[in-house]
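The values are calculated or read from the model by the stated rules, or taken from the named source; none is laboratory data. Here the structure is a predicted model, which means the values were calculated and not measured. Ideal geometry is used to build each Cβ from the backbone, glycine not excepted, and the neighbour counts take in all protein chains shown.
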Amino acid sequence: MIADKRLEELLDLTVSQGGSDLHLFAGGSPVMRISGELVTLTKYAPFTPDETNAVLKSITPPERWAIFEERQAIDLSYSHKADARFRVNGYRVQGTTALALRLIPRTIHSFSELNLPPILEVFTQHKQGFFIVVGPVGQGKSTTLATMLNRINESRAEHILTIEDPVEYIFTPKLSLIHQREVFIDAPDFKTALQGSFREDVDVIMVGEMRDYETISSAVTAAETGHLVFSTLHTNSAAQTIDRIIDMFPAEQQSQVRVQLAGSLTGIFSQRLVPRISGGLIPAYELLINNNAVSTLIRDARTHEINAVIQTSSQEGMIDLDRSLAELVQRGEVTVEHAYEHALDPKTFETYL
């Protein structure tokens with residue numbers, strides 16, 4: 001019971017302080033991430049191994065506790081009062097239990113509120129195709145996808161299906177019908193849930209994460225067969241994303257996948273959350289739009305030329321990450337030092353300043 005009370009107090013603090021993550025582990029005080037920086041909460045005594053284990057057990061459904069004990073790791077979501085949900089990862093560290101809790105706000109913000117480019121709305125208006133949001137862990141990919149899906153929800157009547165591990169943002173149906181399936185609870189894995197969507201009269205599909213080539217293959221097929229598909233990958237750029245997808249497939253299938261991807265992809269959005277001079281974080285981003293030139297490069301295995309296309313196609317709406325970072329510096333939003341840390345090509349970044 002003491003562990004539960006401490007958890008509730010720490011989650012309250014995370015929400016009130018604008019924290020994005022909370023770390024609990026044995027032998028140390030809790031640690032919170034605020035505006036990208038880790039802060040040790042020294043006023044709180046270190047947790048014991050029994051306490052961290054008790055905290056995780058108190059928020060894990062009984063039927064899933066055995067999974068944690070078997071696999072030594074578990075992903076789940078946890079609702080905290082009326083104003084927040086947390087994505088929880090429980091894992092073992094040298095035989096003791098640790099938790100990483102990521103805050104998922106109840107409110108789904110608009111593109112402008114998140115400082116995202118308005119052109120993203122164009123990709124929500126397609127009736128079919130494949131749109132991917134990429135970036136390292138913790139860069140706001142899920143938040144961007146939630147905003148895009150909510151725009152569809154607000155603007156037209158579609159059957160939207162999300163497949164997540166775990167379910168993060170909770171959508172309130174507006175014009176659309178929305179079903180959210182959680183891996184391990186509603187389906188055994190992403191692939192099975194995605195393949196099942198073909199029989200569920202779905203218009204829009206969001207796959208929380210593409211972890212294997214079967215899931216990617218099913219996502220590409222869904223996009224080819226009249227569905228609008230959104231997903232994420234942990235990659236750094238549009239070109240790297242395409243290579244990562246192709247490399248997931250056996251060699252004998254890669255040529256066919258290139259053709260499928262060239263035809264079904266609508267765009268790739270890569271983002272980074274950069275510390276803002278005024279406080280908080282602001283996104284810098286890259287946007288690839290799959291026009292005829294890009295489609296040809298994908299099909300012909302010339303993805304190394306994609307960065308040049310992005311850099312020279314701003315008039316079509318494409319956005320170069322290094323240019324985006326330079327513009328943030330010029331507007332006084334971020335420091336040059338922080339922008340350099342996120343630049344894909346520091347020399348190119350310098351030319352934009």
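Applying the selection to segment 134-147, what residues are within 18 Å of residue 113 (Cα to Cα), touching a residue at least 60 places away in the same chain (Cβ under 8 Å) and not hydroxyl-bearing (Ser, Thr, Tyr)? Give the derivation first.
Going residue by residue through segment 134-147, those that are within 18 Å of residue 113 (Cα to Cα) are 139-147.
From what is left, the residues that are touching a residue at least 60 places away in the same chain (Cβ under 8 Å) are 139-142, 144-145.
Selection gives 139, 140, 141, 145.
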Single condition residue 94 does not satisfy, out of (1) surrounded by 13 or more Cβ atoms within 10 Å (Cβ to Cβ); (2) more than 30 Å from residue 321 (Cα to Cα): (1)
Sort out for me the strands (runs of 3 or more DSSP E) sitting completely within segment 1-48 that have 2 or more residues that are not hydrophobic (A, V, I, L, M, F, W, C). 19-24, 37-40
Considering only segment 281-291, I want to know if a residue exists there that is modelled with pLDDT under 95, crowded, with 19+ Cβ neighbours inside 10 Å and either more than 19 Å from the chain's Cα centre (by Cα) or of a type in the set (Phe, Trp, Tyr) (or both). no
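Starting from residues that are among the charged types (D, E, K, R) and closer than 30 Å to residue 186 by Cβ, keep the ones in segment 37-64 and report whichever is surrounded by the fewest Cβ atoms within 10 Å (Cβ to Cβ).
Within segment 37-64, the match that is surrounded by the fewest Cβ atoms within 10 Å (Cβ to Cβ) is 63.
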Single residue of segment 226-246 satisfying the filter (of a type in the set (Val, Ile, Thr) and free of Cβ contacts under 8 Å to residues at least 60 places away in the same chain) that is nearest to residue 130 (Cα to Cα): 245
Could you please tell me which pairs satisfy a Cβ distance under 8 Å, a separation of 6+ or placement on different chains, a first residue in segment 81-101 that is in the same structural domain as residue 58 (by TED's automatic domain parsing) and under 23 Å from residue 164 (Cβ atoms), and a second residue that is part of a loop (DSSP other than H, G, I, E, B) and of a type in the set (Val, Ile, Thr)? 85/170; 90/60
Any residue in segment 291-301 that is in contact (Cβ under 8 Å) with a residue 60 or more places away in the chain and either under 19 Å from residue 224 (Cβ atoms) or not small (Gly, Ala, Ser) (or both)? no
For residue 123, the lone unmet condition from (1) in a loop (DSSP other than H, G, I, E, B); (2) crowded, with 18+ Cβ neighbours inside 10 Å is (1)
With a cut-off of at least 3 residues that are within 29 Å of residue 261 (Cβ to Cβ), name the helices (runs of 4 or more DSSP H) lying wholly within segment 301-353. 306-311, 321-330
Is it true that residue 241 is assigned by TED's automatic domain parsing to the domain that holds residue 265 and buried (at least 22 other Cβ atoms within 10 Å of the Cβ)? yes
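Quickly run through segment 316-326 and pick out the residues that are among the acidic types (Asp, Glu) and surrounded by fewer than 17 Cβ atoms within 10 Å (Cβ to Cβ).
Step one: of segment 316-326, the residues among the acidic types (Asp, Glu) are 316, 320, 322.
Listed by number, the list holds a single entry, 316.
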Which pairs have Cβ atoms under 6 Å, sit 6 or more apart or on different chains, and link a residue in segment 178-203 that is not assigned by TED's automatic domain parsing to the domain that holds residue 67 to one that is of a type in the set (Gly, Ala, Ser) and at pLDDT below 90? none
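Within segment 234-256, can you find the residues that are over 22 Å from the mean Cα position of the chain (by Cα) and either aliphatic (A, V, I, L, M) or not in a helix (DSSP H, G or I) (or both)? If you could, list the steps in order and put the result at the bottom.
Going residue by residue through segment 234-256, those that are over 22 Å from the mean Cα position of the chain (by Cα) are 249-256.
Within segment 234-256, 249, 250, 251 meet the criteria.
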Within segment 177-223, count every residue that is surrounded by fewer than 20 Cβ atoms within 10 Å (Cβ to Cβ), part of a loop (DSSP other than H, G, I, E, B) and either touching a strand residue (DSSP E or B) at 6+ places or on another chain (Cβ under 7 Å) or at negative phi (or both). 10
